[in-house]
Amino acid sequence: MNPLTIDILQQNWLLPLMIDILVHLPVLLISLKKKFLQPKATFTAALVGFTLFLINPLAWLCLIVFFLTASSLSFVKKSEKKNFKEVFEKGSTRDSGQVIANSIGAIIFSFLYFIFNINFTVLATNNIITAPLFVASIAYIAAVNADTFATELGVLSEKPPRLITKPFKIVPKGTSGGITLLGTLASLIGSILIASTFFIWSLLFPTIHDPTTNFLIVFIISVIITLAGLLGSLIDSFLGATIQQMYYCPTCDKETEKKFHTKCQSATTPTRGWKLINNDAVNILAGFGSSLFGIFLVSLLPPLFL
Ligand SMILES: [Zn+2]
């Protein structure tokens, strides 16, 4: 367990709290200034970062890795992407809804992990309950990162995307549910990046209470996180092709995720998908799909492993 977490369990809040504030203030201020986050979202991100840092520092680190790489990726070939950005519901400056969608599963599973960890610290037994919760929290972020990589790099594909539900059907770039080989490879890399963060951290800080006691276990769990994140990204595309609410802009004669098309200042009309299922909802469902798949894979491991 992380020394800061142990401090908290022993009711020593002061030092972790001070480190927490010192770590977050500059990151948040830079994010606000560089317009990675909208002002309201900066507050939400502060709450998320602040909490995760104390209850599950590794999940926190993975979220920081996601945030930094996602923010940098939005700058890759920005001019080329400009045309597709009008299709997407959100721009590259994250709003509160996105911050929550990108982290809610990680927070919930980290809380559960934290609560069960308190009990098991006393008993000092195995990790049959905590290990799946821990993996679920990281798998959620792997899915979020995989999806962001797919979105940011997939639109650069020379080949047009195909609909995940009807692979024989070619769709315009930026279409929800459209996938390309480049985008899928990008999502695999995004997922591996989070799994590698887990891998390196776990080798640097091995303890008996974490589900990470030796090289082989750490490696197997990294593979599980990678697979779960990749699946999450595919679920995201699948939901984008099926239940995500899409709109039609009469002025541009185009399908869009936006209720209001800012490019042409036109109101759009709903065409397909379910009400309420916007891009954030799809990301949340895909993230939880990844977490549950991670839990399922961990549960297949022989008990001796955990
Ligand atoms: Zn329009």
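The values are calculated or read from the model by the stated rules, or taken from the named source; none is laboratory data. These numbers come from a predicted model, not from an experiment. Here the Cβ positions follow ideal geometry from the backbone for every residue, glycine too, while neighbour counts run over all protein chains shown. Calculation scope for accessible area: heavy atoms of the full protein, side chains included, ligands and nucleic acids excluded. Shrake-Rupley method; radii C 1.70, N 1.55, O 1.52, S 1.80 Å.
Tell me which chymotrypsin sites (Phe, Trp or Tyr not before Pro) from region 140-227 have a DSSP coil assignment and no more than 13 other beta carbons within 10 Å of their own. List each step's numbers first, then the result.
On the way: sites: Tyr140, Phe149, Phe168, Phe198, Phe199, Trp201, Phe215, Phe219; in loops: Phe168.
Those satisfying the criteria are Phe168.
Stretched out fully, how many nm does the piece from Leu15 to Lys166 gain, at 0.36 nm a residue minus the Cα gap? All intermediate terms of the calculation are to be shown ahead of the outcome.
On the way: separation 151, 0.36 × 151 = 54.36 nm, distance 5.44 nm.
Length gained, Leu15 through Lys166: 48.9 nm.
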Next on the checklist: Can you give me the % of accessible surface on the chain that is carbon or sulfur? Probe 1.4 Å, all protein chains present, nothing else counted.
Outcome noted: 73 percent
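Skip the ligands, DNA and RNA, and give the accessible area per residue of the chain with a 1.4 Å probe, whole Å².
Details: 14880 Å² over 306 residues.
Accessible area per residue: 49 Å².
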Checklist entry - Each residue of region 214-219 in order: what ³J(HN,Hα) in whole Hz does its phi give by Karplus 6.51 cos²θ - 1.76 cosθ + 1.60, θ = phi - 60°, with x for Gly and Pro? => result 9, 4, 4, 4, 4, 5
Item to check | Entries in Lys173/Lys263; Lys40/Lys166; Lys173/Lys259; Lys78/Lys259; Lys34/Lys77; Lys33/Lys77 that, when Cα-Cα distance is taken, lie over 28 Å | outcome: Lys40/Lys166
Checklist entry - Any idea what angle helix 279-300 forms with the longest principal axis of the chain, computed on alpha-carbon atoms, 0 to 90 degrees, nearest 10? => result 40 degrees
Item to check | Among beta bridges that DSSP assigns inside the chain, antiparallel share in %, nearest 5 | outcome: 90 percent
Checklist entry - Picking from Gly232, Gly190, Gly273, which is most flexible by a Gaussian network model of the chain using Cα springs under 10 Å? => result Gly273
Checklist outcome for this item: Highest GNM mean-square fluctuation among Pro26, Pro16, Pro161, for the chain with Cα springs under 10 Å, belongs to Pro26
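If one computes P(r) from the Cα atoms of region 176-306, what percent of pairs lie at distances over 24 Å? It would help to have the intermediate numbers written out before the result.
On the way: 3839 of 8515 pairs.
Every Cα pair in region 176-306 considered, those over 24 Å come to 45 percent.
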Checklist entry - If the chain between Thr269 and Val65 were fully stretched, how many nm would it gain, using 0.36 nm times the residue separation less the Cα-Cα distance? => result 69.7 nm
Checklist entry - What residue among Leu185, Leu230, Leu239 has the largest mean-square fluctuation in a Gaussian network model of the chain, using Cα springs under 10 Å? => result Leu185
Checklist entry - Taking only Cα atoms, what is the 0 to 90° angle, nearest 10, from helix 130-154's long axis to the longest principal axis of the chain? => result 30 degrees
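With a cut-off of at most 13 other beta carbons within 10 Å, and DSSP calling the residue loop, which chymotrypsin sites (Phe, Trp or Tyr not before Pro) in region 222-306 qualify? Please list them.
Details: sites: Phe238, Tyr247, Tyr248, Phe260, Trp274, Phe288, Phe293, Phe296, Phe305; in loops: Trp274.
Those satisfying the criteria are Trp274.
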Checklist entry - What nm value, rounded to one decimal, do you get for the distance between Ile129 and Leu25 when each label is placed 7 Å out toward the C-beta? => result 3.9 nm
Next on the checklist: Output wanted: per-residue J couplings in Hz (rounded whole) for region 21-35, from phi through Karplus 6.51 cos²θ - 1.76 cosθ + 1.60, θ = phi - 60°, x for Gly and Pro.
Outcome noted: 5, 4, 6, 7, 3, x, 4, 5, 5, 5, 4, 5, 5, 7, 6
Next on the checklist: On the principal axes of its Cα set, how long, how wide and how thick is the chain? Give whole Å, largest value first.
Outcome noted: 64, 41, 33
Checklist entry - Where does the chain land at 222 nm, in deg cm²/dmol rounded to the nearest 500, when only DSSP H runs of n ≥ 4 count, each adding -39500 (n - 2.57), divided by all residues? => result -22000 deg cm²/dmol
Next on the checklist: What is the angle, in °, between the Cα long axis of helix 39-55 and the longest principal axis of the Cα atoms in the chain? Nearest 10 is fine, range 0 to 90.
Outcome noted: 30 degrees
Item to check | Length-normalised contact order for the chain - Cα pairs under 8 Å, 6+ apart - percent | outcome: 20 percent
